[in-house]
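Accompanying notes for the structure given below.
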Amino acid sequence: MFMRKVLGFALIGARAASAAAKPTLASKQYETLPLGQILPEGWLYDQLVVQTEGVAGHMHEFYDLVAKSDWIGGHSYYSYLEEAGSYWFNAMVPNSVLVKSSELYEKSLEFFHYVLDTQDESGWLGPEVGTDKPRYLWGRYPFFFGAIQLVEYDPSLEPRFVEAMHRFIRLANDMLRKGEGVEHWASTRWEDFALALQWMFDRHPDGKEELLIDTMQRLKWSGAPWEDIFSEELFPKEAVENLENPWDEDLFWHGVNLAEGMKALPATYRFTHNASDLEAASAGWDLMFRYHGRPSGAFNADELLSGLEANRGSELCLVVELMFSGSFLFQVSGDLKYADRVERVTYNALPATITADMWGRQYLQQQNQVAAKNMTPNPFPEDGPDSNIFGLEPNYPCCTVNFPQGWPKFVTNAFVTSADESSLTQVYIGPMSVNTILAGGNAVHVTVSTQYPFSDTVHISVVADKPFLYKMRIPGWVSDEGVRVDVDRDATYSVGDDTLEYTKGGARFLYLWLPAGASRIQVELPAEISIEERPHKSVAVHRGPLNYAFDIERTETILKSDPREARAVDLQYDAVADWEYAIDPTTLRFYMDEETELPAPIWDYGLAPVWMTVRACLIEWPLGGDTFAAHPPESPACVGEEREIVLSPYGTTKLRISEFPVFQSKGRNTGMAGDKQFPVHEL
Ligand SMILES: *[C@@H]1O[C@H](CO)[C@@H](O)[C@H](O)[C@H]1NC(C)=O
């Protein structure tokens, strides 16, 4: 049945291709800025420096999967699984530019030239050149993303890349016509190539429009049918290990593929001009988070989709790919719900799963994580016992080479222009600066000073040659009455009253029509504490972009240290304090210390200047196996005295509870604690 469906689609597509006179791509609502025009400032800059001084900025020195000695001939991951160097390059190009590291930039440049220098006669790029290894397309896709960023940063490199791409695309098109180049992973990741082809179409079609569109269509027909996988009828509504898979391909339910596949329908829309593709993308996105969403903003997939339970895992690769896909979905559709989600993932799921010094990362993170150690048995049907250890490459190495794209691409996608380049839009909130030239030669410089998400106050200073429209995303968690805007001069502003741009779900734009010259704007974004209902009558606690968790005091044990690099250690964390708490959510109180300078690193135990207190009591809460928390008990009885506990931002915790059983405090209504009913929302 499914084969027929896919085939039917191919026939429709083929007719459309022959009928279309001059192919075009639908334009995106927003365009990205070239790499280097947006830079991190304040704590975000510090975070990028921490990443650079961690394994991300050092792996090329010792990690054989990406170290240069293994680019040619060696038995490295790059040469036999193709993609490690490609992933590393995709991340290090923006990382090096954002922290102005000439050493990392030179390394990236060397890799770029190496790959292009070794392109063979046929047009093939990559480690299969000069070997008889099978040629599958997808290992090159992260290289394309890295190269696009690099040539936008240094346009003198662009002709060389474009020429190589045209040769490769010709070859890829021939291969697709012959049914070659697509195996399991290329089948699910076709959209990444489509994005690179669209970049070529937008900037360097060079008379090859038909070939470019034809290649996009062939990729789509030969690849995963995402509109069906993400359909209401077929999308899995629970952890998949007990479901019958309607596909003869397990990888269609694989978390990282799904995170990447979220780009497929917006990419499809660009060459079909079919608005239903964008609606299908939006509906699929909602299905994902309704049935597999985490309070951290990510979704659950410990290899395959794994439902709503707090002890299941979210893979780190999935976290960073979801961020990148969400940014693209926003840019194509203009729907701010994607931007809200990306910011939530960035400020919760991403830092939570990497050590504060960024030398160790997990493969899987758990929302309730009471130990990070060898788990036998473990709650992940498809992953190994080391999956939640923090280290160089526990479980699989892919996340080590792929995670470093997370922070840099969050920054490079934080500002976009309108399609006509007349206005600038601030999509993500955090300390950053922008230097760009808008339409009509309007040179604009923007500095955003803020400790957000650890503060509600955002200072924006703008210097522009000409009047222009500055738009800022007001997150969905800020109430309409809450937004306060203060502009120091003759600018006008409004919030979310443009019916074309207003989006459902609460997020909206602040429109500031700024005059030429310097303007200073202060925006206050206060948020309410909110409660999210989770399985087994448990609750998760949020305020603004941050999820809050009980940070379990822990010991750290070094399990092993890499012989090539002493800082690359595998760490085990064990709880040394009780964590079996139920909370009374009506007693939550939020605190913020606005005077604090943020330390670097900031994402660590007890460092954040925001926290909550809540009345809690110990309950009977068993372990599953001996290393992970069982499901939160429903309607538990207290087995100890009530006490007050502190909740911290999820991203600063390594061992934690963040889906809590609920009890009714005796302190409620006695003045001992608050008695506020906080809004309940669905994320
Ligand atoms: C438009 O897109 C939708 C959703 O992806 C799809 O079901 C429909 O068949 C498409 N229509 C055409 C004419 O291709």
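The values are calculated or read from the model by the stated rules, or taken from the named source; none is laboratory data. Please read all numbers here as calculations on a predicted model, not as lab measurements. Cβ atoms come from the backbone with ideal geometry, glycine included; neighbour counts cover every protein chain shown.
Filtered by the rule that a residue be in contact with a His (Cβ under 6 Å, 6 or more places away or on another chain) and either charged (D, E, K, R) or part of a strand (DSSP E or B) (or both), the stretch 278-303 gives a lone residue, 299. Applying the criterion of being more than 18 Å from residue 506 (Cα to Cα) and not aliphatic (A, V, I, L, M) to the residues of the stretch 332-356, the residue that is surrounded by the most Cβ atoms within 10 Å (Cβ to Cβ) is 348. When the stretch 427-458 is filtered for residues that are in contact with a Leu (Cβ under 9 Å, 6 or more places away or on another chain) and free of Cβ contacts under 8 Å to residues at least 60 places away in the same chain, the ones remaining, listed by number, are 438, 444, 446. Within the stretch 247-255, can one find any residue that is assigned to a helix (DSSP H, G or I), in contact (Cβ under 8 Å) with a residue 24 or more places away in the chain, surrounded by fewer than 19 Cβ atoms within 10 Å (Cβ to Cβ) and within 12 Å of the ligand (Cβ to nearest atom)? Looking through the stretch 247-255, none of the residues is assigned to a helix (DSSP H, G or I), in contact (Cβ under 8 Å) with a residue 24 or more places away in the chain, surrounded by fewer than 19 Cβ atoms within 10 Å (Cβ to Cβ) and within 12 Å of the ligand (Cβ to nearest atom).
Would you say residue 105 is among the aromatic types (Phe, Trp, Tyr), surrounded by fewer than 21 Cβ atoms within 10 Å (Cβ to Cβ), in a helix (DSSP H, G or I) and on the phi < 0 side of the Ramachandran plot? So residue 105 fits the description; yes.
Can residue 115 be described as outside any loop (DSSP other than H, G, I, E, B), at pLDDT below 95 and of a type in the set (A, V, I, L, M)? In short, yes. Annotation: residue 380 fulfils all but one of (1) modelled with pLDDT under 95; (2) over 18 Å from residue 573 (Cα atoms); (3) assigned to a loop (DSSP other than H, G, I, E, B); the unmet one is (1). Among the numbered conditions (1) at positive phi; (2) away from the ligand (no atom under 16 Å from the Cβ), the only one that residue 320 does not meet is (1). Of the strands (runs of 3 or more DSSP E) entirely within the stretch 515-631, those holding at least 2 residues that are without any contact (Cβ under 8 Å) to a residue 24 or more places away in the chain occupy 554-562.
Residues in the stretch 203-227 that are more than 13 Å from residue 267 (Cα to Cα) and charged (D, E, K, R): 203, 206, 208, 209, 210, 214, 218.
Please indicate, with yes or no, whether at least one residue in the stretch 385-393 is in contact (Cβ under 8 Å) with a residue 40 or more places away in the chain and in contact with a helix residue (DSSP H, G or I) (Cβ under 6 Å, 6 or more places away or on another chain). Within the stretch 385-393 (the criterion being in contact (Cβ under 8 Å) with a residue 40 or more places away in the chain and in contact with a helix residue (DSSP H, G or I) (Cβ under 6 Å, 6 or more places away or on another chain)), the answer is no, since none of the residues qualifies. Every test in (1) in a loop (DSSP other than H, G, I, E, B); (2) buried (at least 17 other Cβ atoms within 10 Å of the Cβ) is passed by residue 234 save one, and that test is (2).
Go through 296, 306 for me and flag whichever is closer than 20 Å to residue 475 by Cα, hydroxyl-bearing (Ser, Thr, Tyr) and surrounded by 24 or more Cβ atoms within 10 Å (Cβ to Cβ).
Numbers: 306 fails: closer than 20 Å to residue 475 by Cα.
The match here is 296.
Checking each residue in the stretch 266-287 for being near the ligand (Cβ under 9 Å from one of its atoms) and either among the aromatic types (Phe, Trp, Tyr) or buried (at least 17 other Cβ atoms within 10 Å of the Cβ) (or both) picks out 268, 269, 272, 277, 278, 280, 281. Look at (1) surrounded by fewer than 22 Cβ atoms within 10 Å (Cβ to Cβ); (2) farther than 22 Å from residue 43 by Cα and you find that residue 593 fails only one, number (2).
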